[in-house]
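Enquirer: The structure's right below; bear with me while I get my questions together.
The values are calculated or read from the model by the stated rules, or taken from the named source; none is laboratory data. Note that the structure is a prediction, hence the values are computed from the model and not measured. Glycine gets a Cβ as well: all are built from the backbone with ideal geometry, and neighbour counts include every protein chain shown.
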Amino acid sequence: MSKAKRIYMDHTAGRPVDPRVIEAMLPYMKSLYGNPSSVHSFGQEARQAMEEARTKVAELINAESKESIIFTSGATESNNMAIKGVAHRNRDRGTHIITSSIEHMSVLNPCKFLMKRGFKVTFLPVDQYGFVDLKRLEEELNNETILVSITYANGEIGTVQPIKEISQIVHSKNAYLHVDATAANGQVSIDVKNEGIDLLTISSNDMYGPKGAGGLYIKKGTRIEPIIHGGGQERGLRSGTENLPSIVGLGKAAEIAKKEMPIERKRLKKLRDKLIKGLLDPIPYSFLNGHLTKRLPNNVAVRYSFIEGESILLSLDMMGVAASSGSACTAKTLEPSHVLRAIGLKHEEAHGSLLFTLGKQNTEEEVDYVISIMPDIVKRLRAMSPLTPKELKE
Amino acid sequence: MYSEKVMEHFRNPRNMGEIPDADGIGTVGNPVCGDMMTIYIKVKDNRLIDIKFKTFGCGAAIATSSMITELAKGKTLEEAMKINRGDVADALDGLPTVKMHCSNLAADGLRVAIEDYYRKQKADKEMKK
């Protein structure tokens with residue numbers, strides 16, 4: 001493979017938009033530009049397209065009706081709305097919230113914000129694989145608990161949580177369960193009814209839809225209030241003229257995901273397992289982050305001792321391969337990821353971590369190429385490192 | 001994110017390795033912080049005749065280590081002591097702001113290595129007394 005061909009394996013940070021999604025969106029920027037709230041035919045065409053998109057998103061997660069889907073500007077807004085909206089609306093019932101220590105910043109920071117407003121928040125520990133401690137969840141739940149927010153699957157280490165079990169525990173105490181499915185939607189089949197989910201965050205770009213769109217599933221009867229006030233769109237829960245082209249794109253992305261997920265999931269799992277094996281087996285002092293099987297089909301998170309993640313990334317980039325050292329959001333702080341710290345990795349172990357997230361356009365040939373270049377990259381950096389033990393030196 | 005010069009030094013680091021019979025050794029940083037480097041120096045007639053480095057860290061940490069060896073080689077100890085973090089960053093056409101603090105350790109490493117050399121010299125003299 002020539003160096004000129006670039007290989008993209010950073011799909012958790014950003015994905016291309018499916019060409020079929022772009023096709024579906026275009027008319028809503030060119031000729032179908034009406035406002036869904038208008039009475040005239042332009043408005044009604046827009047309204048119809050929006051409601052069709054809502055139906056497709058509802059079908060993807062087996063929601064009871066399309067009315068339970070609220071469109072937002074993306075997963076961060078959906079998480080904010082679920083947490084702050086439920087907290088404020090249910091303050092009369094209690095002020096205790098439970099979440100986990102490996103949530104995305106758009107869950108952790110709204111929780112921390114609420115702590116400053118008088119709420120109590122419990123951050124549940126996780127085990128070495130990133131599974132939430134269910135016994136602790138049971139112990140921490142009390143009559144004051146109004147909301148539990150747990151991610152469906154973690155984007156950084158891929159661990160998929162036992163949501164159904166979590167839901168049974170949460171509902172035994174009459175709290176609401178919010179699930180952030182940003183990294184999971186479009187990759188694994190989610191059934192909000194069967195799994196007992198009250199609120200579910202949906203991301204558009206994570207299933208090849210446009211950025212800047214997302215959704216929040218809100219089970220009928222859930223007490224929640226808006227965080228954005230205005231003209232009363234989205235049943236009063238999310239004001240602001242709807243971003244119709246992106247909503248139509250999200251709908252199309254959900255439709256495609258539902259149809260193609262079973263086959264794509266199988267294909268990705270095969271590539272994932274080959275990449276994991278190929279990155280670990282030939283290289284000593286290499287480890288997998290997360291669980292071997294209970295992980296997202298596209299997630300390959302590894303770490304190498306004695307070297308640092310960014311220097312591995314730069315080396316890969318020099319060979320045309322784009323990966324990530326973990327969460328793109330924490331790259332700004334230089335602090336090792338809170339997720340990797342929460343699964344018990346020491347700072348220096350977390351610093352040596354590397355994340356490949358696969359997508360539709362990745363091929364087996366690309367996986368083979370990455371596997372073929374990694375041993376030399378690790379060897380070169382280990383030769384430079386003062387931490388490398390003598391036995392690894394030639 | 002990085003200048004072409006930083007990338008060039010990352011790709012082709014100068015003077016990487018150890019000096020087995022070094023006259024001074026300086027280790028700074030900490031693997032916990034994600035950056036750690038060891039500078040080895042060889043001194044003759046008050047001049048740095050050889051200098052090598054070993055570094056664990058990000059691209060900036062490796063490039064600054066490489067750059068300090070180029071800046072310091074051939075200099076007198078007094079001149080070398082004066083090289084500071086800013087000089088290293090400037091020579092690399094700048095570093096991203098977040099990297100200026102943690103990863104720009106090379107000048108400190110060199111200073112610690114020279115201090116180590118002075119300490120050893122002093123100890124030697126006292127032994128001879």
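Enquirer: Checking the conditions here, which among A:L354, A:L381, A:L358, A:L392 is within 30 Å of A:G186 (Cβ to Cβ) and within 14 Å of chain B (Cβ to nearest Cβ)?
Expert: Going through A:L354, A:L381, A:L358, A:L392 in turn, just one is within 30 Å of A:G186 (Cβ to Cβ) and within 14 Å of chain B (Cβ to nearest Cβ): A:L354.
Enquirer: Just to check your reading of the model, which residue among B:R11, B:R47 is free of Cβ contacts under 8 Å to residues at least 12 places away in the same chain and of a type in the set (D, E, K, R)?
Expert: The conditions single out B:R11.
Enquirer: Taking the range A:241-281, which residues are surrounded by fewer than 15 Cβ atoms within 10 Å (Cβ to Cβ) and over 16 Å from A:Q187 (Cβ atoms)?
Expert: Matches in the range A:241-281: A:T241, A:K277, A:D281.
Yes or no, residue by residue, for (1) at pLDDT below 95; (2) in the same structural domain as A:N299 (by TED's automatic domain parsing); (3) surrounded by fewer than 18 Cβ atoms within 10 Å (Cβ to Cβ):
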{"site": "A:M1", "(1), (2), (3)": "yes, no, yes"}
{"site": "A:S31", "(1), (2), (3)": "yes, no, yes"}
{"site": "A:S37", "(1), (2), (3)": "yes, no, yes"}
{"site": "A:Q44", "(1), (2), (3)": "no, no, yes"}
{"site": "A:E51", "(1), (2), (3)": "no, no, yes"}
{"site": "A:K56", "(1), (2), (3)": "no, no, no"}
{"site": "A:A63", "(1), (2), (3)": "no, no, no"}
{"site": "A:A75", "(1), (2), (3)": "no, no, no"}
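Enquirer: Looking at (1) closer than 14 Å to B:G34 by Cα; (2) surrounded by fewer than 23 Cβ atoms within 10 Å (Cβ to Cβ); (3) hydroxyl-bearing (S, T, Y), find the lone condition where A:S315 falls short.
Expert: All conditions pass for A:S315, except number (1).
Enquirer: Also, quick follow-up: Against the conditions (1) buried (at least 24 other Cβ atoms within 10 Å of the Cβ); (2) among the acidic types (D, E); (3) under 15 Å from B:I114 (Cβ atoms), where does B:D35 fall short? Just the number, please.
Expert: Here B:D35 meets the rest and fails (3).
Enquirer: What are the residues in the range A:166-191 that are within 20 Å of A:G359 (Cα to Cα), surrounded by fewer than 24 Cβ atoms within 10 Å (Cβ to Cβ) and hydrophobic (A, V, I, L, M, F, W, C), if any?
Expert: Across the range A:166-191, the qualifying residues are A:V188, A:I190.
Enquirer: Identify all residues within the range B:82-100 that are assigned to a loop (DSSP other than H, G, I, E, B), more than 13 Å from chain A (Cβ to nearest Cβ) and buried (at least 17 other Cβ atoms within 10 Å of the Cβ); write none if there are none.
Expert: Residues satisfying the conditions are B:I83, B:L92.
Enquirer: Among the residues of the range A:86-101, which ones are part of a helix (DSSP H, G or I), under 25 Å from A:L134 (Cα atoms) and in contact with an Asp or Glu (Cβ under 9 Å, 6 or more places away or on another chain)?
Expert: The answer is A:V86, and nothing else.
Enquirer: Pick from A:L345, A:L355, A:L296, A:L340: which is on the phi < 0 side of the Ramachandran plot, in contact (Cβ under 8 Å) with a residue 12 or more places away in the chain, surrounded by fewer than 24 Cβ atoms within 10 Å (Cβ to Cβ) and of a type outside the set (K, R)?
Expert: A:L345
Enquirer: I want to confirm something. Restricting to the range B:101-117 and keeping residues that are in contact (Cβ under 8 Å) with a residue 60 or more places away in the chain and away from chain A (no Cβ under 14 Å), which single residue is surrounded by the fewest Cβ atoms within 10 Å (Cβ to Cβ)?
Expert: Result: B:E115.
Enquirer: Could you check, for the range A:8-17, whether at least one of its residues is closer than 30 Å to A:N298 by Cα and in a strand (DSSP E or B)?
Expert: Within the range A:8-17 (the criterion being closer than 30 Å to A:N298 by Cα and in a strand (DSSP E or B)), the answer is yes, since at least one residue qualifies.
Enquirer: Do we have any residue at all in the range B:18-41 that's within 13 Å of chain A (Cβ to nearest Cβ), in a strand (DSSP E or B), closer than 24 Å to A:S353 by Cα and of a type in the set (G, A, S)?
Expert: yes
Enquirer: Next question, about the same structure. Scan the range B:42-62 residue by residue and report those that are part of a strand (DSSP E or B) and either more than 7 Å from every other protein chain (Cβ to nearest Cβ) or not polar (S, T, N, Q) (or both).
Expert: B:K42, B:V43, B:K44, B:R47, B:L48, B:I49, B:D50, B:I51, B:K52, B:F53, B:K54, B:F56 - these are the residues of the range B:42-62 that are part of a strand (DSSP E or B) and either more than 7 Å from every other protein chain (Cβ to nearest Cβ) or not polar (S, T, N, Q) (or both).
Enquirer: Additional query: Among B:G57, B:G24, B:G29, which is of a type outside the set (D, E, K, R), modelled with pLDDT under 95 and surrounded by 24 or more Cβ atoms within 10 Å (Cβ to Cβ)?
Expert: Being of a type outside the set (D, E, K, R), modelled with pLDDT under 95 and surrounded by 24 or more Cβ atoms within 10 Å (Cβ to Cβ) holds for just one of B:G57, B:G24, B:G29, which is B:G57.
Enquirer: Can you name every residue in the range A:59-81 that is under 18 Å from the mean Cα position of the chain (by Cα) and in a helix (DSSP H, G or I)?
Expert: The answer is A:L60, A:A75, A:T76, A:E77, A:S78, A:N79, A:N80, A:M81.
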